[in-house]
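**Q** Encoded as structure tokens, here's the structure I'll be asking about.
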Amino acid sequence: MKKIAPRASILPGIIALALAFVSLSAGAATAVERPPAANSVTADLQPEASPVLPVTPKPSPDLVLPGGGVGPPIGPAGIPSPTDSTQSDSTQSASSTTYAHKVYALMNAQRRAAGVPLLRWNEGVAEVAQAWANHLGVATKSAAFDWGKIHRTDGGGAEIPDGATWYGEIIAFNFSEANIVNWWMGSPSHKAAMLDARESDTGVGVVVPTSGPYKGWHLVVANLAGYPKPPAPAAKPAPPVSPFKDLVAGQMFLKEMNWMASRKISTGFVAANGTKTYHPLERIKRDAMAAFLYRLAGSPAYTAPKTSPFADVKRGQQFYKEICWLASKKISTGYAGPHRTKIFRPLQVVNRDAMAAFMYRLAGSPSYKAPTRSGFTDVKKAQMFYKEISWLAAKGISTGWTATHGSRTFRSVQGVNRDAMAAFMYRWAH
């Protein structure tokens, strides 16, 4: 706990007592709200000064309840208080809690009207206020109570939650919640304490004594504390735009490359420190293409043969299973090799026309009649993979390059970049 030590002459902040009582006049009881008596010590709030502890005179022992004492004592929220002698000396009930929160709401209404920040309810501060209210509810019924000790020595500053830079306490004896707050507003020092802009938090404690000279009154303690504004939370770092460290926001085909990662079609290149990169502008090789196509198909159950269908692909080499699966599904037929063998050329770059053939065959070589005239100016009807290229365009998987005059080219023998391959596969799947 932060200790707020009193000084010999003046104490930090302000703490004040609001005391209202009832006197008889011409045989009838009339409620009278009085400011502190002339011999009380009050002080205006002083910036960054210590609270002053006012000397409060003992209230008249002849005080009576509103209505001339007729009927049972008025308890919290107008509920008749029990008069059984077995009752405790003070009552802290659910109604008292409601009363405390109404006082808090009225305090904030006054602060709103004054243009100062509203107070937060602080349960830790409220516990300190309630504890002192409970004490006073018992102590003030004694004729020997020293009214110069209506406040704690430090006003409770040692008990509030740590971190306060300003602290005050105001107390009142009265009846309704409005009586309490109106009295505080009528006392310059209490008003100044309640409306001080340095305050951020408050808590209110209330007790209704069930015996003694103040039976049926509301004894209210409001503790006020100023806590520095918490630092603004550090801005959360923006989530990475991609699991691949070499991809940046806004680049072409970012969505499609991220989709490749999410579907585990591409795992990228893993560095020694665990980071992954995609190499978007790198040309894709035929062995990696086999892996992409196998995964795009859902990585179906498949046992690779002991003997490779391609003379240049050895069992145990990277993507052996995927290359064999590609051959088994006739997605790739390879190239004719020496001695009537077939070769796959796993490290050769995939050209765009071959990519069209792979994608068409992966789709199951659907029935399709190619147009008599290509939509691409650089693709001729008689050339290899004309049908597959045309199908790719018809399905919107490839849009090619559009020239300024509106014509389109496909660039059949150009190698396929890895970013473009992601786009082709994304469109094929969607």
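**Q** Identify the residue in the stretch 369-409 that is part of a loop (DSSP other than H, G, I, E, B) and hydroxyl-bearing (S, T, Y) and, among all such residues, is farthest from the chain's Cα centre (by Cα).
**A** Initially, the stretch 369-409 is screened for residues part of a loop (DSSP other than H, G, I, E, B), giving 369-385, 395-400, 403-407.
Subsequent filtering for residues that are hydroxyl-bearing (S, T, Y) retains 372, 374, 377, 398-399, 404, 407.
Working: T372: 61, S374: 56, T377: 56, S398: 43, T399: 44, T404: 50, S407: 52 Å.
Among those that are part of a loop (DSSP other than H, G, I, E, B) and hydroxyl-bearing (S, T, Y), it is T372.
**Q** Just one of (1) at negative phi; (2) assigned to a loop (DSSP other than H, G, I, E, B) trips up G316, so point out which.
**A** Status for G316: all satisfied but (1).
**Q** State the number of residues belonging to the stretch 121-153 that are of a type in the set (S, T, N, Q) and either surrounded by 15 or more Cβ atoms within 10 Å (Cβ to Cβ) or under 18 Å from M107 (Cα atoms) (or both). Please lay out each step first, then the result.
**A** Kept after step one, since they are of a type in the set (S, T, N, Q), are these residues of the stretch 121-153: 122, 130, 134, 140, 142, 153.
Narrowing the set further to residues that are either surrounded by 15 or more Cβ atoms within 10 Å (Cβ to Cβ) or under 18 Å from M107 (Cα atoms) (or both) leaves 122, 130, 134, 140.
The number of residues fulfilling the criteria is 4.
**Q** Going residue by residue through the stretch 361-384, is there one that turns out to be on the phi > 0 side of the Ramachandran plot, touching a helix residue (DSSP H, G or I) at 6+ places or on another chain (Cβ under 8 Å) and free of Cβ contacts under 8 Å to residues at least 60 places away in the same chain?
**A** Of all residues in the stretch 361-384, those on the phi > 0 side of the Ramachandran plot come to 364-365.
Narrowing further to those that are touching a helix residue (DSSP H, G or I) at 6+ places or on another chain (Cβ under 8 Å): none.
No, the stretch 361-384 contains no residue that is on the phi > 0 side of the Ramachandran plot, touching a helix residue (DSSP H, G or I) at 6+ places or on another chain (Cβ under 8 Å) and free of Cβ contacts under 8 Å to residues at least 60 places away in the same chain.
A quick yes/no check of all residues on (1) among the β-branched types (V, I, T); (2) more than 42 Å from the chain's Cα centre (by Cα); (3) on the phi > 0 side of the Ramachandran plot:
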{"residue": "Q130", "(1), (2), (3)": "no, no, no"}
{"residue": "H135", "(1), (2), (3)": "no, no, no"}
{"residue": "F145", "(1), (2), (3)": "no, yes, no"}
{"residue": "I150", "(1), (2), (3)": "yes, yes, no"}
{"residue": "D154", "(1), (2), (3)": "no, no, no"}
{"residue": "P161", "(1), (2), (3)": "no, no, no"}
{"residue": "Y167", "(1), (2), (3)": "no, no, no"}
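**Q** Then there's this: For the stretch 271-307, how many residues are more than 25 Å from C324 (Cα to Cα) and in contact with a Ser or Thr (Cβ under 9 Å, 6 or more places away or on another chain)?
**A** 2
**Q** For the subset of the stretch 199-244 comprising residues that are under 20 Å from A158 (Cα atoms) and among the small types (G, A, S), which member is most open to solvent (accessible area, probe 1.4 Å)?
**A** So the residue we want is S200.
**Q** Among residues belonging to the stretch 107-120 that are of a type in the set (A, V, I, L, M, F, W, C) and open to solvent by 20 Å² or more (accessible area, probe 1.4 Å), point out the one that is nearest to the chain's Cα centre (by Cα).
**A** Restricting attention to the stretch 107-120, the residues satisfying the condition of being of a type in the set (A, V, I, L, M, F, W, C) are 107, 109, 113-114, 116, 118-119.
Then drop every residue that is not open to solvent by 20 Å² or more (accessible area, probe 1.4 Å), which leaves 109, 113-114, 116, 118.
On the way: A109: 28, A113: 31, A114: 31, V116: 27, L118: 22 Å.
In this case the residue turns out to be L118.
**Q** For the stretch 154-191, name all the residues that are open to solvent by 40 Å² or more (accessible area, probe 1.4 Å) and hydrophobic (A, V, I, L, M, F, W, C).
**A** Passing the criteria: A178, M185.
**Q** What single numbered condition from (1) at pLDDT below 95; (2) touching a Ser or Thr at 6+ places or on another chain (Cβ under 8 Å); (3) closer than 20 Å to S266 by Cα fails to hold for Y320?
**A** Failed condition: (1).
The values are calculated or read from the model by the stated rules, or taken from the named source; none is laboratory data. No experiment lies behind these values; they were computed from the predicted model shown. No Cβ is skipped: glycine too gets one built from the backbone with ideal geometry, and neighbour counts run over all protein chains shown. In case anyone asks, the SASA skips ligands and DNA or RNA and just uses the protein heavy atoms, side chains included. Shrake-Rupley method; radii C 1.70, N 1.55, O 1.52, S 1.80 Å.
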